[in-house]
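Visitor: Got a structure for you, questions after.
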Amino acid sequence: MSSILSEVMEDASVRRRFEDTAWVDEYLQAGSAHGEPIYLSVGETWSQAPDGLTRLLGAEMPDHVHGYVISQYGLPALLRVLRSYIPRTAGLPGDVGASGDFDVAVACSGTRNSMYDFGRLIRDRARGRPVVIMYAPGWDYHGVFHGLGFRFTYLPLRPDEAFQPRPADLEEELRDLDVPGDAIVVVNAQHNPTGMNWDEDNVRRILGAAAGAGANILIDDAYFGVTDPGTPATSALRLLLEDRPRPSGRWLAVRSLGKQFNCNGWGVGSIAAGPDTIDELVNRYLANRSFTCAVPLQYAMAQWLESEASRTYLDWFRRLCAENRALVNDFLVRELKYPAESFQAGSCTSYLVFPIPPAYQEHADGVHRYRRDCFNETGVLLGAGTMTPESSTDQNRPDPFPYARMFLAPSSDTVITALRRMAEARFSWDRPC
Ligand SMILES: Cc1ncc(COP(=O)(O)O)c(C=O)c1O
């Protein structure tokens, strides 16, 4: 992995802002004291894109994919496939267009950018300062929306409630808003980082509350395809359209394909929304910054999604994440002496979160210290348990979310090696800080 890491991470010749890259670089320069670095922080292995998918990028590409395509909805071949793939996998009864309630387009520069465009659209129509309401811990919606001037309200996900969202918290929050139409409510039902598949009843109530209040809705289905075998993904898109085909606020459902096919660098995914919203997003907000790009990738993805191999790959990947989840769960309790009730292993996404040892929890920067110590002493780099910035704002308080996040998608051998190193260096529950 060390050779890959030096290929994909910025070196000291640039102004680095991301501490992981500096830490890995220093570790490599110092001779990798504990063996090859094992990078389990950001969810990426750089080595698991399916062969069947990457082979499609070979010689048989038609010439037209190398030019501009004059289609803001994406390469027509991929658009056609997504217009049935998205409703079918979401459990919707008909194809796009059957009801006229929603449409689908290609996201060709990451769904993160599609969310940003949605943020611009909502901000441009806002009467006051727009707000993002999200459950926390959570993914980096702050990074997407704060530059657009949004403020943030974080609703707690509680470990003693299995990190399930409480719809009542949202209902109360929405009642207090002067202009609910200035709000975006985020629903990430296959939840990064906790790995919890949100209960259907909770999601239904959350969507109902947001739509009923006239708030805007962002459904982030990045991990919709990545649930453990036997865990059907809660389909927020289906729940929304079943109950309110035309909610009064705007809505957008994004689905990255990078996670389920380990090709994050492609930036290919889908967006679904009411036809007017899609029109504005692609013909105005996307066009304002980019034409359709990554066209060869879109061409390959169209063929891949229709192949039996893509289904086989996804089955394999879901099994791998589930096996590694079980393995880490067992190891934390058996070898690292974690009380069984101190964490929840989850059942979806390629992540598992677990608390840092109690001695670290006493420090406002406990998660930072734990990650750093663990990396220095084992070469295993874990992620922080949340990407929301509310943690560690007050240096005198303990970290409000004292958890680390482990990426579960590398091979089981790699995960076992990482865990063994952690056990040998005594990163157990009773570890002093
Ligand atoms: C929960 C979640 N949503 C969205 C994204 C963005 O995915 P994309 O690569 O499509 O921009 C990610 C990955 O970074 C994610 O983990």
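The values are calculated or read from the model by the stated rules, or taken from the named source; none is laboratory data. Since we're looking at a predicted model, the values are computed, not measured. We place every Cβ from the backbone using ideal geometry, glycine too, and count neighbours over all the protein chains shown. For accessibility, only protein heavy atoms count, side chains too; no ligands or nucleic acids. Shrake-Rupley method; radii C 1.70, N 1.55, O 1.52, S 1.80 Å.
Visitor: If I take every Cα pair under 8 Å that is 6 or more residues apart in region 211-342, average their sequence separation and divide by the length, what percent do I get for the relative contact order? It would help to have the intermediate numbers written out before the result.
Guide: On the way: 123 pairs, mean separation 31.9, N = 132.
With pairs under 8 Å counted, the relative contact order is 24 percent.
Visitor: Out of all DSSP beta bridges with both ends in the chain, state the antiparallel percent to the nearest 5. Present the calculation step by step, with values, prior to reporting the outcome.
Guide: Values: 19 of 39 bridges.
If I count the DSSP bridges inside the chain, around 50 percent turn out antiparallel.
Visitor: Say R0 is 41 Å: what FRET efficiency, to the nearest 0.05, do Asp330 and Gln29 get from their beta-carbon distance?
Guide: Details: r = 35 Å, r/R0 = 0.86.
My answer for the efficiency is 0.70.
Visitor: Something else about it: Evaluate the Debye formula for region 1-147 with equal point scatterers sitting on the alpha carbons, no solvent, and hand back log10 of I(q)/I(0) at q = 0.15, 0.20 Å⁻¹, in q order, two decimals.
Guide: Result of the Debye calculation: -1.18, -1.27.
Visitor: Run the helix sum for the chain: -39,500 (n - 2.57) per DSSP H stretch of 4+ residues, divided by residue count, reported at 222 nm to the nearest 500 deg cm²/dmol. Write out the running numbers ahead of the final one.
Guide: Numbers: 15 runs with 163 residues, N = 433.
That calculation yields -11500 deg cm²/dmol at 222 nm.
Visitor: At a Förster radius of 41 Å, what calculated FRET efficiency corresponds to the Cβ-Cβ distance of Asp51 and Ile416, to the nearest 0.05? List each step's numbers first, then the result.
Guide: Working: r = 24 Å, r/R0 = 0.59.
The computed FRET efficiency comes out at 0.95.
Visitor: Using alpha carbons only, what's the Rg to Rh ratio of region 197-342 with Rh from Kirkwood?
Guide: Details: Rg = 18.7 Å, Rh = 17.9 Å.
That ratio equals 1.05.
Visitor: Something else about it: Expressed as a whole percentage, what fraction of the accessible surface of the chain belongs to carbon and sulfur atoms when a 1.4 Å probe is rolled over the protein heavy atoms?
Guide: On the way: 8450 of 17770 Å².
The nonpolar share, carbon plus sulfur, comes to 48 percent.
Visitor: Quick one: divide the alpha-carbon radius of gyration of region 68-306 by 2.2 N^0.38 Å and tell me what you get. Write out the running numbers ahead of the final one.
Guide: Values: Rg = 16.7 Å, N = 239, 2.2 N^0.38 = 17.6 Å.
In units of the 2.2 N^0.38 Å rule of thumb, it is 0.95.
Visitor: Computed over the Cα atoms of region 1-88, what is the ratio Rg over Rh, Rh following Kirkwood? It would help to have the intermediate numbers written out before the result.
Guide: Working: Rg = 19.5 Å, Rh = 17.0 Å.
My calculation puts Rg/Rh at 1.14.
Visitor: Also, I was wondering about something else. In region 189-293, what trypsin sites (Lys or Arg not before Pro) fall in a loop by DSSP, with at most 15 other Cβ atoms inside 10 Å? Working shown, then result.
Guide: Details: sites: Arg204, Arg205, Arg238, Arg250, Arg255, Lys259, Arg284, Arg289; in loops: Arg250, Lys259, Arg289.
Here the sparse-neighbourhood loop sites are Arg289.
Visitor: Given contacts defined as C-alpha pairs under 8 Å and at least six residues apart, what's the relative contact order of the chain, whole-number percent?
Guide: 21 percent
Visitor: Next up: Scale the Cα Rg of the chain by the rule-of-thumb value 2.2 N^0.38 Å and send over the ratio, two decimals. Let's see the in-between values first.
Guide: Numbers: Rg = 21.6 Å, N = 433, 2.2 N^0.38 = 22.1 Å.
The value comes to 0.98.
Visitor: May I ask you to compute the full-extension gain from Met61 to Ala162, defined as 0.36 nm times their residue separation minus their alpha-carbon distance, rounded to one decimal in nm? Before the final figure, lay out each step's value.
Guide: Details: separation 101, 0.36 × 101 = 36.36 nm, distance 4.70 nm.
Length gained, Met61 through Ala162: 31.7 nm.
Visitor: Could you work out the relative contact order of region 68-306, using alpha carbon pairs under 8 angstrom and six or more residues apart, expressed as a whole percent?
Guide: Numbers: 445 pairs, mean separation 66.2, N = 239.
Dividing the mean separation by the residue count of region 68-306 yields 28 percent.
Visitor: In region 221-307, which GluC sites (Glu not before Pro) are in a loop and have at most 15 other Cβ atoms within 10 Å, using DSSP for the loop call?
Guide: Values: sites: Glu242, Glu280, Glu306; in loops: Glu306.
Passing sites in region 221-307 are Glu306.
Visitor: Using the heavy atoms of the protein chains alone and a 1.4 angstrom probe, what is the accessible area of the chain per residue in square angstrom?
Guide: For the chain, the solvent-accessible area averages 41 Å² per residue.
Visitor: Of the GluC sites (Glu not before Pro) in region 1-92, which ones lie in a loop per DSSP and count no more than 15 other C-beta atoms within 10 Å?
Guide: Numbers: sites: Glu7, Glu10, Glu19, Glu26, Glu44, Glu60; in loops: Glu10, Glu44, Glu60.
Sparse-neighbourhood loop GluC sites (Glu not before Pro): Glu10, Glu60.
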